[in-house]
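Trainee: Pasting a structure below so you can have a look.
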């Protein structure tokens, strides 16, 4: 039997990429381990395959429950730092933040098939067995998922030095209130998506366009962030800004840049419950 810590580390990305929440993912894995240890282990020929199947299906059930309970508002994934050395999870299998947000356009079965095929390179025969569906249904679900995502692939975009330099310029411009420089850094399609959770209220959940984005981000900075410490970090393989008051993380902003290094989306996580694990 493989060391349970090793398997626990390997199982986490399957749950997290479906749920987008660390605590829920850990709870799913713990429940699966409990049930696993109650079984006749001699009847299980492939330990990892059994556990992966159990985690995926448990995560699907939890995601359905979460989706039923969620209110009509923007709910962003819980951020994970991906540029640190020793970790308890397989960081390379954690999807980039933009794709995790995009995957919420799919129903949970489409999401599971898409992840297993595109992110984990499973064959449709294996996906069908894991999800208890036919091979043809697996293919159909993948086709529908790709259409909804407009064929966007789950490529993990590693943050680069150029991205950090771009964020340094962004921070400098926002500190100075340099509207012209900020406008030059944003794409025409720029959006800001904000998740403040149930304990706080976001000033705006969704903001679009260069003018409105600059107006929002400069207002938020002047009113709430100008006295905070700012750290550049890599979150879910994308460049990000962390805003601290002392040792308390107040806001995590994850940036999506287009090939021209202009900001196309800012994902602003203010929900304190989603900032605890950073």
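Trainee: Kirkwood Rh, Cα Rg: Rg to Rh for segment 4-148? Display every interim value, and only then the final one.
Mentor: Values: Rg = 15.1 Å, Rh = 15.8 Å.
On the Cα set of segment 4-148, Rg over Rh gives 0.95.
Trainee: Does segment 221-277 classify as rounded, prolate or oblate by the C-alpha gyration tensor (a ≥ b ≥ c root eigenvalues; a/c under 1.5 gives rounded; else a/b over b/c gives prolate, otherwise oblate)? Kindly include the intermediate steps, with their values, before the conclusion.
Mentor: Details: a/c = 2.14, a/b = 1.56, b/c = 1.37.
Note, shape of segment 221-277 comes out prolate.
Trainee: If one takes the longest principal axis of the Cα atoms in the chain, at what angle in degrees, from 0 to 90 and to the nearest 10, does the Cα axis of helix 22-37 lie?
Mentor: Here the helix axis deviates by roughly 10 degrees.
Trainee: Over segment 161-274, what number does the Rg to Rh ratio reach, with both radii from the alpha-carbon atoms and Rh per Kirkwood?
Mentor: Details: Rg = 13.0 Å, Rh = 14.1 Å.
Taking Rg over the Kirkwood Rh, I get 0.92.
Trainee: Could I have the simple spin-label model distance between residue 164 and residue 189, label points 7 Å from Cα toward Cβ, reported in nm to one decimal?
Mentor: With each label point 7 Å from Cα toward Cβ, the separation is 2.9 nm.
Trainee: Return 276, 193 ranked ascending by Cβ neighbour count within 10 Å, so the fewest neighbours appear first. Present the calculation step by step, with values, prior to reporting the outcome.
Mentor: Working: 276 11, 193 20.
In increasing order of surrounding Cβ atoms, one gets 276, 193.
Trainee: Working from Cα positions, state the angle (0 to 90°, nearest 10) between the long axis of helix 210-220 and the longest principal axis of the chain.
Mentor: For helix 210-220, the angle is close to 90 degrees.
Trainee: Would you calculate the volume per residue, in Å³, of the smallest convex hull containing every Cα atom of segment 163-203? Intermediate results must be reported in sequence, preceding the final value.
Mentor: On the way: hull volume 4.6 nm³, N = 41.
Value for segment 163-203: 113 Å³ per residue.
Trainee: log₁₀ I(q)/I(0) of the chain at q = 0.12 Å⁻¹, via Debye over equal Cα point scatterers, no solvent, to two decimals?
Mentor: So the normalised log intensities are -0.78.
Trainee: Now, a different point. Given the rule -39500 (n - 2.57) for each run of at least 4 DSSP H residues, summed and divided by the residues of the chain, what is its mean residue ellipticity at 222 nm, to the nearest 500 deg cm²/dmol?
Mentor: Values: 10 runs with 124 residues, N = 278.
That comes out to -14000 deg cm²/dmol.
Trainee: Another question about this same structure. Rounded, prolate or oblate: pick one for segment 172-238, where a ≥ b ≥ c are the square roots of the eigenvalues of its C-alpha gyration tensor, a/c under 1.5 means rounded, and failing that, prolate if a/b is larger than b/c, else oblate.
Mentor: On the way: a/c = 1.30, a/b = 1.17, b/c = 1.11.
It comes out rounded by the Cα gyration axes.
Trainee: Still on this model: Relative to the longest principal axis of the chain, what angle (0 to 90°, nearest 10) does the C-alpha long axis of helix 135-148 take?
Mentor: So the helix axis and the longest Cα principal axis differ by about 0 degrees.
Trainee: For the chain, with a Gaussian network of springs between Cα atoms less than 10 Å apart, report the residue from 198, 96, 21 with the top mean-square fluctuation.
Mentor: Per the Cα network of the chain with a 10 Å cutoff, 198 tops the list.
Read the figures in this text as sums done on the coordinates, not as results from a lab. Bear in mind that the values here come from a model prediction, so they are computed numbers and not experimental data. FYI the Cβ positions are ideal-geometry reconstructions off the backbone, even for glycines, and counts take in every protein chain you see.
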